[in-house]
């Protein structure tokens, strides 16, 4: 019984280390394991002056034969679809009040890779600021984009 308990403890510790995000690189068994455990995640961060009901995020891919091209991921304040696990060139395109405010692009070399997508919208002095980031095997860190249009910021 003690041997079984020790084996369980060792496997648990190995599992925790195998799930560390720093090991999510390339196409390896660990990357596939993280894909099964985590999947793709979307984190939307905004200031309290941003109306999330006006935010829409679409997933767009360059591949013609992919069924989920131009799919709405986030709409009316909530995530409505998961981010697909597709290989190739793809983007998350962010719209606010019907206007395109930013884009996060990536080129995935393997289909089954877990990524964390972060979209940040902040409003200050009647300006909208957009920032996007992808963490994972195919990362992206975008520049801070300023959209200086008063009609984009809800009051």
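Computed from the coordinates by the stated procedures, all read-outs in this text should not be read as laboratory data. In this text, all values refer to a predicted model and were calculated from it rather than measured experimentally. Here the Cβ is made from the backbone with ideal geometry for all residues, glycine too, and neighbour counts use every protein chain on show.
What nm distance separates the two modelled labels at residue 53 and residue 107, each placed 7 Å from Cα along Cα→Cβ?
Rounded to a tenth, the inter-label distance reads 4.2 nm.
Would you kindly give the portion of the calculated P(r) for the stretch 57-148 that falls above 20 Å, as a percent of all Cα pairs?
Details: 1458 of 4186 pairs.
Result: 35 percent of Cα pairs exceed 20 Å.
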